[in-house]
Amino acid sequence: MLLIKELNKDKVGDKITLAGWLRTKRDSKGGFSFLEINDGSTFTGIQVVADDNLDNYSDIKSLHTGASLKVSGKLVESPGAKQAYELQADNVVIYGNTDQSYLLQKGRINFETLRESAHLRCRTNSIGAVMRVRNVLSKATHDFFQSRHFLNLHTPIITASDCEGAGEMFQVTTLDLDKLPKTDLDKVDYKKDFFGKQTHLTVSGQLNGESYACGMGRIYTFGPTFRAENSNTSRHLSEFWMVEPEAAFFELKENADLARDYLKYCFKSVVENAEEDLKFFDQRIEKGIISKLELLSEAEFTRITYTEAVKILEKSSVKFEFPVKWGIDLQSEHERFLTEKVFKQPVIVTDYPKDIKAFYMKLNDDEKTVRAMDVLCPQIGEIIGGSQREENLDVLLARMKNLEIDPQDYSWYLDLRRYGSVPHSGFGLGFERLVQFCTGMSNIRDVIPFPRTPKNAKF
Ligand code: 4AD
Ligand code: MG
């Protein structure tokens, strides 16, 4: 059995077998039916020509959109412009038909409605294209970091450490409250319910990543992370995938170079490996996305400090909803202004005020800012957050004290500064935001197979 993606000129004239799902069917008068089937491997399906010499032609005529088929026949060059080849069927096996209740036969359906049928939506052109681009980006991620000798590290999902300190963690429980007598409910320590310990789902693999970077040099993680924040925006998910490289001996500049090179490699990979899907996004979702990605795969990216960014924002004549002054966390309206109006490309903002950043970031000599770096992209805002890490034990302890973080809870992490401490840096890229940027999809819920948000955890 072949995939539609595997067809090429050399196979013209061969007898081949393909299988997939029926997209459209047109019956013509002379005892012919034209079936367009797609197997998910490419954007464009293939046209199958079936005629009334087939034993089951009457069954073929009763097929609905979405029916699953296996077709054998001769591959010929297509006379039509829509596809390169067509298949002249000499055998059609019908696995399963559909009926009138099948959602996807009703013409173009909006993304919101499709979300209600997340289990079927990959059969549409748009979501199919998104998931193929997602796959290209996933492969590009591994290829990029592997080519630079980063070790792929599998960090835990269940953890007792809070990396970001933002209190956005899902607790893990082994308790079945339904089975406890009601009278005992008030005796339960909900906080210590992972076999007597308090744990939660990870918000980031970074701390574990630092441990391996400080021993094996360069690592990256690529896995699901969880945030229990009640954010219902087009750029937030409760469960999202993060790519987190961490490198020993990297300072902030090398970290920013790495982030830029990684993004450029991703853009180039999509242009080179998802041509057909990108054309669809260019026509239907974001006009000009192909040239945008081509251009950015060669771009330098602007670098400014937070202080410079604030000055630019303060000087602008735009009236922001959230007023700008030194010390505020940049809001998405500010990030978009910088990337879309001022620089018109991704911007790397460094050296944020320490009070708005996590405990582990390296303090600058001014003692007011830390060696943080956010990469901001047009339309998306923050796509990457990272920093050089504080490697000095005393400075880190002082910072934790200030933030009322108990050093006992992080004793293993502090050991990395006690024993052979080194300068090191890393960052986290929100994988779905990258997929959004490379497809133009406006809602993050449409670039992950099964989105989890505060309002939806179905499927
Ligand atoms: O800026 P964040 O919170 O950084 C960290 O977690 C660091 N520990 C990373 C590191 O240095 N290793 O998150 C990193 C990125 C953000 O820039 C954003 O792209 C994405 O993760 N992100 C989300 N994506 C979707 N939904 C959410 N709720 C997200 N929160 C963060
Ligand atoms: Mg961040």
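Below, the figures for the structure above:
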item: Value at 222 nm in deg cm²/dmol, rounded to 500, when DSSP H runs of n ≥ 4 in the chain each add -39,500 (n - 2.57); result: -8000 deg cm²/dmol
item: Principal axis dimensions, segment 323-459 - Cα atoms, whole angstrom, descending; result: 46, 41, 27
item: Links that overshoot a 26 Å alpha carbon limit, given the list LYS319/LYS455; LYS15/LYS106; LYS315/LYS354; LYS292/LYS341; result: LYS319/LYS455; LYS15/LYS106
item: Globularity index of segment 176-263, i.e. its alpha-carbon radius of gyration over 2.2 N^0.38 Å; result: 1.58
item: Principal semi-axes in Å for segment 349-428 [√(5λ), Cα gyration tensor, largest first]; result: 24, 13, 12
item: Percent of Cα pairs exceeding the 19 Å cut-off, where the set is segment 308-391; result: 37 percent
item: Set of aspartates and glutamates near LYS182 by C-alpha distance (under 20 Å), chain-local residues within fewer than 8 positions excluded; result: ASP193
item: Pairwise centroid distance, computed over Cα atoms, of segment 308-345 with segment 234-282, Å; result: 24 Å
item: Convex hull (Cα only) mean projected area of segment 1-88, reported in nm² to one decimal; result: 5.4 nm²
item: Degrees between helix 125-147 axis and first principal axis of the chain (Cα, 0 to 90, nearest 10); result: 50 degrees
item: Sparse-neighbourhood loop sites, chymotrypsin sites (Phe, Trp or Tyr not before Pro) in segment 184-291 - DSSP loop, at most 16 other Cβ within 10 angstrom; result: PHE195, PHE249
item: Where N is the number of residues in segment 80-162, Cα Rg divided by 2.2 N^0.38 Å; result: 1.74
item: Whole-percent pair-distance distribution, where bins are 5 Å wide, for the alpha carbons of segment 221-348; result: 2, 8, 13, 14, 19, 21, 15, 6, 1, 0
item: Net dipole in debye of segment 39-93 [+1 Lys, Arg Cβ; -1 Asp, Glu Cβ; about Cα centre; nearest 20]; result: 180 debye
item: For q = 0.17 Å⁻¹, Debye-computed log10 I/I(0) when each Cα of segment 148-225 counts as one equal scatterer; result: -0.73
item: Loop GluC sites (Glu not before Pro), segment 354-447, which have at most 14 other Cβ atoms in a 10 Å radius of their Cβ (DSSP); result: GLU367, GLU404
item: Mean separation of Cα contacts under 8 Å (6+ apart) over length of the chain, as relative contact order %; result: 14 percent
item: Reachable lysines from LYS179, criterion Cα separation under 16 angstrom, eight or more residues apart if same chain; result: LYS187
item: When the convex hull of its Cα atoms is projected in every direction, mean area for the chain (nm²); result: 28.1 nm²
item: Tail fraction, Cα-Cα pairs, segment 134-175, threshold 11 Å, whole percent; result: 76 percent
item: Gyration tensor (alpha-carbon) shape descriptor, segment 280-333, a/c threshold 1.5; result: prolate
item: Mean separation of Cα contacts under 8 Å, 6 or more apart, over the residue count of segment 337-455: relative contact order %; result: 20 percent
item: Relative contact order (%) - criterion: Cα under 8 Å, at least six apart; region: segment 248-308; result: 37 percent
item: Residues of type lysines that LYS9 reaches as a straight line, Cα spacing below 26 Å, ignoring anything fewer than 8 places off in the same chain; result: LYS25, LYS70, LYS74, LYS82, LYS279
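Every number in this text was worked out from the coordinates using simple rules, so none of it is lab data. Remember, it's a predicted structure, so these values are computed and weren't measured experimentally. Neighbour counts run over all protein chains shown; Cβ positions are idealised from the backbone, glycine included.
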